[in-house]
Amino acid sequence: MPSDVSVAPALDRIIDQPRAKDLLAAAVREDRLSHAYLFIGAPGSGMADAAEALAMCAICADGGDGSCDECIRVAHRTHPDVRWLAPGSVTG
């Protein structure tokens, strides 16, 4: 199922993980987001970018346009409705 970037422009940033991008785009497009997502992988694999893009899509009234106040607050990690969790060390 090809991704529909017009529905979720923020997901354009996910370039190294096309399957993850397609899965998330379909969830946004079909309005079937889960209550939580766990992004795991090696450092530098794009986990934070994917999580941020999905948060923008979920919070923004325009589907994650990246330029509105909501998207900017998500990008700055200051949006009150988005929680960022990370392990404290390599072992978690």
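Observations
- Pick from region 63-76, criterion at pLDDT 90 or above and not in a helix (DSSP H, G or I), ranking: farthest from the chain's Cα centre (by Cα): 68
- Taking region 41-62 as the range and being part of a loop (DSSP other than H, G, I, E, B) and either in contact (Cβ under 8 Å) with a residue 60 or more places away in the chain or within 11 Å of the chain's Cα centre (by Cα) (or both) as the test, only 46 passes.
- In region 7-26, of all residues being among the small types (Gly, Ala, Ser) and under 11 Å from the mean Cα position of the chain (by Cα), the one that is surrounded by the most Cβ atoms within 10 Å (Cβ to Cβ) corresponds to 10.
- Flag for residue 79 being open to solvent by 80 Å² or more (accessible area, probe 1.4 Å) and modelled with pLDDT of 85 or more: no
- The single condition among (1) open to solvent by less than 70 Å² (accessible area, probe 1.4 Å); (2) at pLDDT below 90; (3) closer than 15 Å to residue 14 by Cα; (4) not aromatic (Phe, Trp, Tyr) that residue 36 does not satisfy is (3).
- Pair list, Cβ under 8 Å, 6 or more apart: region 13-31 residue farther than 16 Å from residue 63 by Cβ, other residue open to solvent by less than 30 Å² (accessible area, probe 1.4 Å) and part of a helix (DSSP H, G or I): 17/50; 20/50
The values are calculated or read from the model by the stated rules, or taken from the named source; none is laboratory data. The model shown is predicted, which means the values in this text are computed figures rather than measured ones. We place every Cβ from the backbone using ideal geometry, glycine too, and count neighbours over all the protein chains shown. Protein only, heavy atoms only, side chains kept; ligands, DNA and RNA dropped before computing areas. Shrake-Rupley method; radii C 1.70, N 1.55, O 1.52, S 1.80 Å.
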